[in-house]
Structures are given as structure tokens and as C-alpha cells.
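Report on the following structure.
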Amino acid sequence: MIDFILTEKEFDKNNIPWNGNRFLIGNGYFGIRGTLEEYTKEYMCAVNMAGIYDRAGDAWRETVNAPNPLYTYIKVNGKKYALPENEPVSHIQMLDFENGIHSRKTVWKTENGEITIKCERFASMSRRHLIAMKYTFSSDFECDAEIITGIDGDVWDINGPHFVNMRTGYDDGVNYVTGVTGEKNISVTVRDTINADFNAAVESENTENGVYRHIFFKAETGKEYSIEKIAEVTTSEDDFKTQGDIADITYYGLKAEHTAEWSRIWDVSKITIDGDDEAMYALNYSIYHLNCIAPRELKGKSIAARGLSGQVYKGAVFWDTEMFMIDYYIHTEPQIAKTLLQYRIDTLNGARTKAEEYGLKGAYYAWESQDGGYEGCSDYNVTDVFTKRPMRTHFRDKQYHVSAAIVYGLMKYINATGDYDILNEGAMDMVVECARFYRSLLIKKADEPYYEIHDVVGPDEYHERVNNNAYTNRMAKFVFDTALELIEKYPSDEYDDLKIMLKDSSEKIFIRKPDENGIIEQFDSYFKLEDVRVDEVRSRLIDPKEYWGGAYGVAADTQVIKQADVVAMLSMFKDDYTSEIMEKNLKYYEPRTEHGSSLSACMYSLLSCYTNKPETAYPMFMKSAKADLIKGGKEWAGLVYIGGTHPAAAGGAWIVAVKGFAGITEEDGKLICKPNIPEKWQGMSFKLMYRNKLYAVRIDRENAAITEI
Ligand code: BGC
């Protein structure tokens, strides 16, 4: 059995941002970056709050980071020892992702001998307002030691500061920092208590935005001195209450509850792969991240594109959730999938407002959706590296396919859960409004019989304002068909006129067919663009951070695309195409795809599985599963920082494993398994929720069985 432990054995300052992502812990209510206890904001520490947004001045709106209750460092004989300033003798950082526990151990050499600090912490999965930490000091000589630990309200912000008002203080053994946001007066309060197993003199210190304890003690040679901290985070927007008084909660009591909760989660979500430990490790690491960010207990909240790893991408929700992540939740904890959809239902008015803004009808969901469906995406979403000026991009106004992704996600949920009630709880309006939206996009040339959609940005964002993007048109048809099907299932006079319109739209929308070579052209005149390969386009960059798309980007006039577009369409509508067509398109588009988005690899992998090519699918699957394990992911779009965790890639890896390699599909309300696993895999086993029942799937090289548990 392999251990689900991620380890870094040496300290490298350059890895600080990346480690912040890959060593993340979280419980859906907040995510805590994998930074070290002594770090301050310059090293990108964050307790990133789910769904709490603020806008400071004219800057981009983004999620809020809570004051950091983990802030702790050591002084020995009056001298501070901390990373990255003091070179350590040894250092190890670990994430036990089976149990959601982060730890580190660092040894420094001092004038008198060596000192060691160890720290373990977790974001409580059982009581989601809580964070727990155990910090231990020892030295191989006698010394005067001081542990400084507190709540640091001087938080890392990309577009902050968000707290316009800070209150700090202590009350009956509990320290607190409250920050109040400027835009909506949301308060975020962090409180902490500590418990020490040794005699010490404690002094308190209050600053404008922090509150600290200085714990002084005489350390004996070789003896360990530990403090345990329980911290509580609450906001004025909370969906659920705190449980218990932090003064009464013990570190080990909470840890036992926390690990029990993780083991309950893993019982359903773990995937075993026989014969390939590396794949099993990476896949379950991806699943770990999906569990850290799942909005359990939250009401109508969704997941941001970078999960809870910080304010990157403004903490906004993209199509990533419904296209790449929701499948995992549907089949492990469907209630979470429903919460994600509830977020879209609740933000329908925001989508209506956006449609109106562009003179369109129905619901045009935000490309970067924040609370209330507020559109976080600006018209100038990339900063040009040369002029340093904001660059006009069309993600916000032309990426029409986002509304369809939501309907697609909803139907995956309904088909797999049988929960048609959601339609009466607002989802029917959502589907109808999305259908109205696509109807309002249709245009017709005088002498052509069909409808077209012009001036679009498809999933491949490098080519803006194109006509008849194959993916977008096909998704629009899917929305028309879905709305029609649901209206027929639940007839209402209200929809009579709409039915006629939907039928007409579905029948007449232009759906591009494969050409004489079997290739589906991504959009009108795409084949006329310069036909070069990705490396050639890359070699034309003047600056490595330069944006490839937009009006002048190096890819814009070429056939090089950012990510799966036609390939995404084929994998989503695989039953409409022959294996030969799928294969031809894979071969055509793969060398022309930069995979500049972490959403891309899984789509190529999935389509390879659908064409019975598991060996071709494998490297792309691993790329997706390792998106957060391998250094060097894309961190810049122009001058905008876009690093963070990649939950869509994690969800995509899960989809490939379950729907691709294991070949799980649904036929007439039943789960079917038609596996096609890579050569070196001896088998797979996992559990799946389907229509309110839990199933065990067991695959080996000869057999596949699905049994109800
Ligand atoms: C991709 C989008 C994606 C977004 C957030 C962009 O780089 O092109 O498709 O939704 O990142 O992950």
C-alpha cells in the first residue's frame, strides 16, 4: 500500500509560492496555503475564505483572506530563527493527504548548538470553523527560549487591502482579530487560545492589526516544549454555527474527530489502481484537493477556479466547476454537487442582468462569477507585458459557452441522481433562461437556411471574435434540446411559444460537419490561418510572459490553440461521432494545441480513451493528475499572476480515470462498466454513488463488476 504523503526534504526559497499550493490544507470553508508558520504576507500566506468577496477601490474584486492565526516563530537567547532568512541544517515539509495534516521540521545551527522546531496543523474537517496547530521546540543546549505566536492581520492580498477596520484584543484567555471589509462591511473574526505543557511567562502584545503572545521559558537540553493552539474563524456571512467553545477543545480530541471525518470521506472517494503506484498517488492527491475545497455545509456556494489557494483569478467561479469538477461530487457526495448548482440557481438574476447589459435575452452567466453572479471579469483582463497597459480581451463579453456548461452540469447531476426535484427548485427557470439566451444569439443570413452564432470566444481563448465556433454552436443546440425535453416532460402553458422557438433553433442551428479529411473546423476560416506548430509559435515570443492570444498575440493568426475546443466537443458528444472521426481530430488538433490551460490535457486523454487508445491517453491523464505536483505550471497571463491549485485538472483526472479508463457510463438508468485500462494497470477499484445507491466497482484485466453496497 502506498502512503498518501507529500514530502519536500530540502528548503528552496524559490519553491515558496508552489509549496503554498501543493501543501494546501482546507475544509471547504477556508483553504490554508502550505506556507510555513513564520511567514508573513510577502511569502503569500493565506487563510482564503470561500465565497467572501470584497472590492478595494477600483481594483479587481476578489475573495478575502482571514487574519492568519498560524503565525509563529522562535527566538533563542534573544535571536530570531526563521525561514527563509536563516539557512537551516535540515528541513522537511510534509502533507499527509490521507488525514489532511500539514507538518514541518526544521533544524538550525546556533552559536551554542542546534535547535529544532516541529509543527503540525490541520483545517478541521469535523468543525469547519476551526484550525489546530501543535508547535514544538527543542535544543541540544540550555537556552532562554521565546515562542512568539499570534494572529497576523496584515494579510497577503492581490488587490487589497480589504479590511478597512481592524479590532484586536484579548478577552479571558482568548485573543482575537476582527477585520471589517470596505465594500459590504463583512466582518471576519479570528480567535485563538493556546495550551502549553510547560511553565512559562506569557506577555501579550497588541498591534494595529495583530495580537501576539510572547512565551518565555528556560529550555533544558534535549527536552521538547509544545504549545497547542486552537483557532476559530467566523464571518458575519456564515451559513453554519460554531460548535463548542475553543477554550474547551483539545488538540488531540479535535485531531481524532478530524481524521475520522477524512476517513469517512476517503471510504467513498479513494481510487485504487493496481500496478501503478505513481498514478494512484497522483489521482488520489487530486481527489484530496477536491475534498479540501468542497463546499460542505455551505449554502449555495461554488468553487473558484483556483479552489481555496488564494485570490488568484479573483476567487471567481468559472465553467471549470460544471464541466470538470462536478462529476466527482455527483458520484461521491451528490449533496455537494447540488450546492454547486444551487449557486447558479441563486445567481440567475445576475446572469439575467448580464444578458440585458449586452442587449441579449435570458441568462448569460458571468465568465468569472462572484457572489450574486456578479461578473468579476473586466474588459481588460490581461496586462500587456510591453506597454504595461491593460489589454482589451473578450472573455467577459464573448465567451458565451459558459451558460451552456451550467446546463450540461445540471443534466449530468439529474441523470446520475434522478433528482428531478431540483427543476422545481429553480433549475427549470435556469435552463429555460439559458435557452432564451442562446436563441437571442442566433443570426440568419438572408439566403442561408440555418442560424449562426457570430463574434464568439470559444474554449480556445487565443482566437477572439470568431464565427460559428463548433463547440459553442453544439453546446447551444444541447441547451435547446435539453430545454425542449424538460418542457415536454413537465408541460406548462407558459412554455407553448417557447417550445416552437426551441424546436426551430435546435433544427436550424449550424452544426459543422467533418470536412473531406474528417476534420471539424474549429470556426469559420480557421483552416485559412497559418498552419504552424506550437514550438514555432513559442519561438516567436519576445517575452516569456507575453499573452499568446488577443488582437496581436503570437497565436492569434495561426492554427495554434490554447486548449481543447473541438476535442472537448467530441468527448462530450461522443455518441454523435464515429471513432474514426474522433481519432482524426485528435491527431489534427493535438500538435496544434499549446495546452496552455490546465483544463486541456484531460479532454485529450478522455477522447483517446473513447477511441480505445489507453496508452495514448495515459500521459495526458498523468499531466492532469499531476497539475499541482509538478513545478512549472503556467503562472502568468501577461503580467497577471494566475498560479494556484488546479481543481479543474484534478476533476478532469477523476473523469478520465472513471469515465475513460474504467469506462463507466449510464444506460437506461443503470451504471455500465466497459474498461479500457492502460497496459501496466492490473486493475482498479473504487466506489460510486448513483441514483441514491452506493456501488463498488472492481476491474481487473479480465473482468469488471459493479455491485451495490
Ligand atoms: C482557461 C479557461 C478557464 C480559466 C480558469 C483559463 O486559462 O482558458 O478555460 O476557465 O483559465 O481555470
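The values are calculated or read from the model by the stated rules, or taken from the named source; none is laboratory data. A quick note: this is a predicted structure, and the numbers were derived from the prediction, not measured. Note that we place each Cβ from the backbone using ideal geometry, even for glycine, and neighbour counts take in every protein chain shown. Areas reflect the complete protein model, heavy atoms only, side chains present, ligands, DNA and RNA absent. Shrake-Rupley method; radii C 1.70, N 1.55, O 1.52, S 1.80 Å.
Is there a pair in 412/513; 184/299; 109/626; 659/680 whose C-alpha atoms are over 30 Å apart, and which pairs would that be?
Listed pairs above 30 Å: 109/626.
Using per-residue counts of other Cβ atoms within 10 Å, averaged over each peptide, order 175-186, 86-97, 322-333 from highest down.
So the peptides 175-186, 86-97, 322-333, ranked by packing, come out 322-333, 175-186, 86-97.
What share of the DSSP beta bridges in region 270-708 is antiparallel, in percent to the nearest 5?
90
Where a ≥ b ≥ c are the square roots of the eigenvalues of the C-alpha gyration tensor, would you call region 343-487 rounded, which needs a/c under 1.5, or, failing that, prolate if a/b is larger than b/c, or oblate?
Working: a/c = 2.07, a/b = 1.33, b/c = 1.55.
Note, shape of region 343-487 comes out oblate.
What does the accessible area per residue of region 10-267 come to in Å², with a 1.4 Å probe and no ligands, DNA or RNA counted? It would help to have the intermediate numbers written out before the result.
On the way: 9920 Å² over 258 residues.
Ligands and nucleic acids excluded, the figure is 38 Å² per residue.
With 27 Å as the cut-off, how large is the P(r) tail for region 10-267, expressed as percent of Cα-Cα pairs?
That fraction is 35 percent.
Sequence-distant or interchain residues sharing an amide H contact under 5 Å with residue 152, placed H: which?
When sequence neighbours closer than 5 places are left aside, the close amide H contacts are 68, 70, 71.
Compute the signed sum of charges (Lys and Arg +1, Asp and Glu -1) over the other residues within less than 10 Å, Cβ to Cβ, of residue 207.
Values: positive: none; negative: 152, 154, 205, 208.
My count for the surroundings of residue 207 gives -4.
Determine, for each peptide in 275-286, 162-173, 649-660, the mean count of other beta carbons within 10 angstrom over its residues, then list the peptides with the highest first.
649-660, 275-286, 162-173
Of the cross-linked pairs 361/477; 105/223; 338/634, which ones have a Cα-Cα span greater than 25 Å in the structure shown?
In this structure, 338/634 lie more than 25 Å apart at Cα.
Name the GluC sites (Glu not before Pro) in region 5-84 that are in a loop by DSSP and that have at most 16 other C-beta atoms within 10 Å, would you?
Counting only loop positions with at most 16 other Cβ atoms within 10 Å, the GluC sites (Glu not before Pro) in region 5-84 are 10.
Just going by the charge dipole of the chain, with Lys and Arg at +1 and Asp and Glu at -1 on Cβ, which of 46, 549, 164 is farthest out on the positive end?
549
Please give, to one decimal in nm, the separation of the simple spin-label points placed at residue 41 and residue 545, each 7 Å out from Cα toward the Cβ.
With each label placed 7 Å out from Cα toward Cβ, I get 2.0 nm.
Residue by residue through region 250-263, which ³J(HN,Hα) values in whole Hz follow from phi under the Karplus form 6.51 cos²θ - 1.76 cosθ + 1.60 (θ = phi - 60°), with glycine and proline marked x?
Listing the rounded values in order: 9, 4, 6, x, 5, 5, 5, 5, 5, 5, 5, 5, 4, 6 Hz.
Name the long-range amide H neighbours of residue 142: under 5 Å, sequence gap of 5 or more, or other chain; modelled H, no Pro or chain starts.
Residues meeting the amide H criterion: 221.
Starting from the Cα gyration tensor of region 133-273, take the square roots of the eigenvalues, sort them a ≥ b ≥ c, and report rounded, prolate or oblate (rounded when a/c is under 1.5, otherwise prolate if a/b is larger than b/c, else oblate).
oblate
Could you check the spin-label model distance between residue 236 and residue 500? Points 7 Å from the Cα along Cα→Cβ, value in nm.
5.2
For the chain, which whole-number percentage of the solvent-accessible area (1.4 Å probe, protein heavy atoms only) is attributable to carbon and sulfur atoms?
Carbon and sulfur together cover 46 percent of it.
In region 270-708, with Lys and Arg counted as +1 and Asp and Glu as -1 at Cβ, which of these residues, 605, 336, 482, has the Cα nearest the positive end of the dipole, that is, farthest along it?
Comparing the listed Cα positions along the dipole, 336 ranks first.
If you place +1 on the Cβ of every Lys and Arg, -1 on the Cβ of every Asp and Glu, and leave all else neutral, what size is the dipole of the chain about its Cα centre, to the nearest 20 Debye?
With only Lys, Arg, Asp and Glu charged at Cβ, the dipole is about 480 debye.
May I ask which of 354/613; 9/79; 489/623 have a Cα-Cα span longer than 31 Å here? The partial results should precede the final answer.
On the way: 354/613 42 Å; 9/79 25 Å; 489/623 41 Å.
Flagged as over cut-off: 354/613; 489/623.
Setting aside same-chain residues fewer than 8 positions from residue 444, which aspartates and glutamates have a Cα under 13 Å from its Cα?
Correct list for residue 444: 452, 504.
Placing +1 at every Lys and Arg Cβ and -1 at every Asp and Glu Cβ, with all other atoms neutral, what dipole size does region 591-685 have around its Cα centre, in debye to the nearest 20?
My answer is approximately 200 debye.
In sequence order, what are the phi-derived ³J(HN,Hα) couplings for region 36-48 according to the Karplus relation 6.51 cos²θ - 1.76 cosθ + 1.60 with θ = phi - 60°, rounded to whole Hz, with x for glycine and proline?
3J(HN,Hα) across region 36-48, in whole Hz: 8, 4, 7, 6, 10, 4, 5, 9, 6, 6, 7, 10, 8.
May I ask which residue of 416, 190, 262 lies farthest towards the positive end of the charge dipole of the chain, with charges of +1 (Lys, Arg) and -1 (Asp, Glu) on Cβ and the Cα centre as origin?
416
Which length gain, in nm to one decimal place, applies between residue 110 and residue 274 when the Cα-Cα distance is subtracted from 0.36 nm times their residue separation?
54.3 nm
Just to verify a number: FRET efficiency for residue 214 and residue 171, C-beta to C-beta distance, R0 = 25 Å, to 0.05?
0.85
Starting from the amide H of residue 186, placed 1.01 Å from N in the peptide plane, find each other amide H under 5 Å away whose residue is 5 or more places distant or on another chain.
Under 5 Å from the amide H of residue 186 lie the amide H atoms of 181, each far enough along the sequence or on another chain.
Tell me, what ³J(HN,Hα) does each residue in region 490-495 have, in order and in whole Hz, if you take phi through Karplus 6.51 cos²θ - 1.76 cosθ + 1.60 with θ = phi - 60° and put x for Gly and Pro?
Taking θ as phi minus 60°, the curve returns 10, x, 7, 4, 3, 9 Hz for region 490-495.
Label 7 Å along Cα→Cβ of residue 525; region 555-591 residues with amide nitrogen under 19 Å?
555-561
For region 270-708, just say rounded, prolate or oblate: build the C-alpha gyration tensor, square-root its eigenvalues into a ≥ b ≥ c, call rounded for a/c under 1.5, and beyond that prolate if a/b exceeds b/c, oblate if not.
Judged from the Cα gyration tensor, region 270-708 comes out rounded (a/c under 1.5).
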